[in-house]
Amino acid sequence: LDLHHRFSAPVRRWWPERGTVEYYAALARHDLALRGRALVTFSGGNETLAISSLGFLHYATVMVGTPGLSFLVALDTGSDLFWLPCDCSSCAPEFEFSIYSPSTSVTSQAVLCNSSSCQSKCSRGPYCPYEVAYVSADTSSSGYLVEDVLSLTTEDELVQAPIMFGCGQVQTGSFLDAAAPNGLFGLGMEKLSVPSILASAGLISNSFSMCFGSDGVGRISFGDQGSSDQEQTPFNLKSTYNISVTGVAVGNSITADFSALVDSGTSFTYLADPAYTFISQSFNARVKDKRDPNIPFEYCYHISSNNISRQLPDISLTTKGGGQFPVSDPIVLLTTQQRENVYCLALVKSSNLNIIGQNFMTGLRIVFDRERMVLGWKKFNCDVEESNPLPVNPRNPSPSPTLSPKSYSPEA
């Protein structure tokens with residue numbers, strides 16, 4: 001009986017041609033059969049980093065095109081389209097980041113209006129246009145769709161995955177300064193999102209995870225379906241990561257009944273009443289530090305202790321099915337114009353939208369399992385042993401941002 005390694009030449013003779021989508025699909029299926037799942041990450045690693053100066057969002061370095069060009073993109077589970085600043089007429093002017101251009105990548109191809117991939121109405125030129133407006137006021141991205149390769153890596157080798165994304169010629173609002181100046185990586189459920197494209201090609205199982213560390217370092221892994229000991233709750237909709245909350249606890253607990261979007265692209269958490277008032281007032285009743293009313297967040301306090309966490313009350317959400325979603329880091333540290341250090345309950349009152357933002361996910365590995373249509377989570381250590389390729393040192397974070405009522409707004 002001859003034994004051969006699964007990647008040896010005799011076995012590879014029966015595989016599809018190396019480098020094709022069919023080849024990587026076969027590789028993924030083979031790994032899934034052996035290990036139950038195949039994990040895929042960005043070619044530069046699976047590290048992510050929260051950058052306070054760029055909108056308090058988590059960013060990752062991605063490589064696109066041939067030859068590959070690196071971009072520092074914000075990771076957003078609340079939207080679908082991946083877009084990059086591209087042949088810009090209006091892009092962020094203050095940053096020295098890469099700009100994508102289809103003419104410089106030999107694997108780039110514009111999506112034409114008559115393509116089956118184009119779902120937009122074409123009124124100008126032959127290329128398929130796109131325009132995406134975001135919840136933040138006057139924030140949008142527009143341009144046309146292109147196809148190119150995204151550099152990914154499995155446990156075994158590099159993958160050049162064909163994807164579709166937006167050539168973002170015009171950005172407005174927060175994209176011009178505070179948030180996602182070098183592109184936004186939509187991780188939503190629609191067919192045009194990168195996780196959907198990778199799953200459709202058979203490169204990954206239809207799931208991914210994100211981990212948000214307390215020090216700002218995190219991870220993202222495509223194909224991760226979580227673990228058997230995680231908490232979980234079903235998604236309400238087939239188009240967004242929307243879950244049901246049945247209870248809220250801050251020391252005491254109350255029954256609740258609302259749905260919320262789980263959105264890594266929203267820095268802070270937004271809740272409407274009665275949940276907002278219950279959490280904020282219960283939090284305030286248990287905090288001993290002096291409150292500062294002159295800051296955009298409603299509940300902010302002067303720091304009087306070196307260890308704030310010891311005096312903060314525990315916050316948790318009960319989800320449909322009984323899963324307890326713990327909130328380990330509900331605050332944000334800021335510096336006033338008078339150079340005083342304060343901390344705020346990073347919760348914003350909303351008139352109708354309920355959004356579990358990035359800050360409430362800290363300390364957890366969140367699994368977006370689109371195959372089983374569930375959200376999973378588990379307390380997790382996100383420390384990354386490898387060197388971090390991002391152009392910021394997470395172990396030496398920048399000072400807390402200085403703010404004033406005029407210059408800082410949590411809504412932005």
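Rule-based calculations on the coordinates, nothing more; no lab input. Because the structure is a prediction, the values reported are computed rather than measured. As a convention, Cβ positions derive from the backbone with ideal geometry for all residues, glycine included, and neighbour counts pool all protein chains shown.
Some notes on this structure:
- Gyration tensor (alpha-carbon) shape descriptor, region 209-262, a/c threshold 1.5: oblate
- Relative contact order %, region 231-379, counting alpha carbon pairs below 8 Å whose residues are six or more apart: 34 percent
- Taking every C-alpha pair closer than 8 Å and separated by at least 6 residues, the mean separation divided by the residue count of region 142-244 gives a relative contact order of 17 percent.
- All other residues whose Cβ lies under 13 angstrom from that of residue 220 are scored, Lys and Arg at +1 and Asp and Glu at -1, for a net of -1.
- For residue 238, the lysines whose Cα comes closer than 24 Å to its Cα, not counting residues fewer than 8 places off in the same chain, are 191, 320, 378.
- Largest first and in whole Å, the equivalent-ellipsoid semi-axes of region 231-379 read 28, 15, 14, each the square root of five times a Cα gyration tensor eigenvalue.
- Under 15 Å, Cβ to Cβ, from residue 163 - net charge with Lys/Arg +1 and Asp/Glu -1: -3
- Over the Cα atoms of region 41-204, the radius of gyration divided by the Kirkwood radius equals 0.94; this is the Rg/Rh ratio.
- Taking amide hydrogens as placed 1.01 Å from N in the peptide plane, the amide H of residue 366 sits under 5 Å from those of 210, 211, 212, each at least 5 positions away in sequence or on another chain.
- Computed about the Cα centre, the dipole magnitude for region 41-204 is approximately 460 debye when only Lys and Arg (+1) and Asp and Glu (-1) carry charge, each at its Cβ.
- Relative contact order (%) - region 185-241, alpha-carbon pairs under 8 angstrom, separation at least six: 30 percent
- Debye-sum result for region 297-369 in log10 I(q)/I(0), which assumes one identical scatterer on each alpha carbon, at q = 0.11, 0.19, 0.28 Å⁻¹: -0.35, -0.93, -1.43
- Cβ-based net charge around residue 365, under 13 Å, with every Lys or Arg adding one and every Asp or Glu removing one: -2
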